[in-house]
Structures are given as C-alpha cells and as structure tokens.
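Just below is one structure, and these are the notes that go with it.
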Amino acid sequence: MRSFNTLLAENTAYKESLPYERFLANGAESLTDAELLAIIIRTGSSESSPIDIARQVIEMGRGKDKGLNCLFSLSLDELKKIHGIGQVKAVKLKCIAELAKRMSFQKSIEEIECNDPAVVAQYYMERLRHEDQERAILLCLNNKLRLIEECLLSIGTVNSANVSPRDVFMHALKCGASNVILLHNHPAGDPTPSRSDVAITNKICESGVMLDIRLRDHIIIGDKTYCSLREKGLLWR
C-alpha cells in the first residue's frame, strides 16, 4: 500500500498539471508564469507535461531577456529544440510575445502627444531593441499630434530598409492623417543618419507639402539612444 506522503505527492502533482482548471476556479492572477504558458502549450509529450515544457522555455532566458521576456528573443528554431514544441506551438509562443509588446505599446503611445522626439524615441527603443534588421515604421497623426495608426513600411537587411514616399502617403491618406513621423532602427546601435536617410527624409518632406501632410520628424533608434533629424536641423523646410 502506498504511503500517505506518496499519495500526497501524487495529488499535488496532479493538481499542478491542471492549470486550466485552476484558471477557471481562481483566475489568471493565481497562476505562475509556467502555468500560464502551459495553458497556451496545452499538450505535453511522452517525456514532459505542459508545465515541464513551459519551465524549459522560461529557463532558456538569458541576459536581458530572462523569464517570460525570453519569448522576445528566442527564435522558432530555438523553441523547437525543446521536446514537445513543434512549429505550431513555437509560433503561438512568439505571437504571445508580439501581442504583449503591442498591447503595452498601444496603451502608452495613445496617451502622449507625439511632438517630443525624446518621448517618441523612448517608446520605440524597447520595442526595436530586439530587432536584428532595420524596420521602417510610419506614425500617422491627427492635427493634435495624436496617434491614429501605426504602419510597418518595410523590413530590410542588417543595415538597409527601403522606404518610398508613395507608401508613406498612401497610408497617411488612407487613415486621414495630417501629420506623420517616420522611424527606423539601426541594429548596429549607432543612430547617426546616413546620406540616404537624409535624402529620403527630404524627399518625403517635399512630397508632403504638396499633399498638405507634414513630416514632423524622422527618428532613428539606436542602442539606448536616438537621433532626431528635426532636432539636428536636417528636415527640409
């Protein structure tokens, strides 16, 4: 006959394997990080329960991306190295990170007026620091400089993102923007604008005058720093 301690351990393990039921009984705030991930992972493998797999994911965190933040930096291939995670589960986990990032950003950016380059840059530094390619982003603003819509214009190589005035103003006109801000990141960390950065900025400024849509700034995001072409006096007048 099994001892009381054995039965207690088995009962504890059984309850631990049912985070979905605990969610229904006590709410999401009662669950650990691993249990929350286990609900998304849903099924285990022949060797591991969903919680075991979730813990392995969290333990893969390193450096600045520890705990749940590891979902930002882990690649699909790295996630799939864990027994029990295939492509579908890996994609779900990466989507969770992206949703969390977008929800946090949207709540913050909608509360500010986008007339201060330092404030705008601060919001995007955290978001773009995980990217190893240049991303060009357009902020479409109303006449009070409040965000109407954000558009991803392009994803480039390590040091190049292509942006055309046509794409900029197509998005701006579609959402009724009267002002726009262009942003992109330099993965190498130095936000100093290149000649092509200045050239495309001036081209967009000139085109905006004809459409009565003002390019308020072009902000380049580096490693914990930024460069505002407006502050540098490099915007076309």
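Only alpha carbons enter this Debye calculation for the chain, each as an equal point scatterer, and the log10 of I(q)/I(0) it gives at q = 0.08 Å⁻¹ is -0.42. Heavy-atom accessible area for M125, with the other protein chains in place and a 1.4 Å probe, reaches approximately 40 Å².
Explain nothing, just the number: dipole magnitude of the range 115-237 about its Cα centre with +1 on each Lys and Arg Cβ and -1 on each Asp and Glu Cβ, in debye rounded to the nearest 20.
Working: 15 positive and 15 negative charges, 73 e Å.
Value, rounded to 20: 360 debye.
Please get the size of the charge dipole for the chain, origin at its Cα centre, with Cβ charges of +1 on Lys and Arg and -1 on Asp and Glu, quoted in debye to the nearest 20. Before the final figure, lay out each step's value.
Numbers: 31 positive and 31 negative charges, 56 e Å.
Dipole about the Cα centre, nearest 20: 260 debye.
Selection among M60, I41, L31 by position relative to the dipole of the range 24-153 gives I41 as farthest towards the positive end (Cβ unit charges, Cα centre). Atom-type composition of the exposed protein surface of the chain places 52 percent of the accessible area on carbon and sulfur (1.4 angstrom probe).
Can you give me the accessible area per residue for the chain, using a 1.4 Å probe, in Å²?
Computed with neighbouring chains in place, this is 58 Å² per residue.
Rounded to the nearest 20, the Cβ-based charge dipole of the range 128-183 about its Cα centre (Lys and Arg +1, Asp and Glu -1) stands at 260 debye.
Please give the Cα centre distance for the range 20-49 versus the range 121-200, rounded to the nearest Å. Cα centroid of the range 20-49 versus Cα centroid of the range 121-200: 38 Å apart. Each residue was assigned an accessible area with a 1.4 Å probe, and for H83 the value is about 90 Å². A dipole drawn for the chain from +1 and -1 charges on Cβ atoms has a positive end, and of L183, M170, A121 the residue lying farthest that way is M170.
The values are calculated or read from the model by the stated rules, or taken from the named source; none is laboratory data. Remember, predicted model here, so these are calculated numbers, not experimental data. Counting neighbours? That spans all protein chains shown, and the Cβs are built from the backbone with ideal geometry, glycine included. We work out accessible area using only protein heavy atoms, side chains counted, and drop any ligands, DNA or RNA first. Shrake-Rupley method; radii C 1.70, N 1.55, O 1.52, S 1.80 Å.
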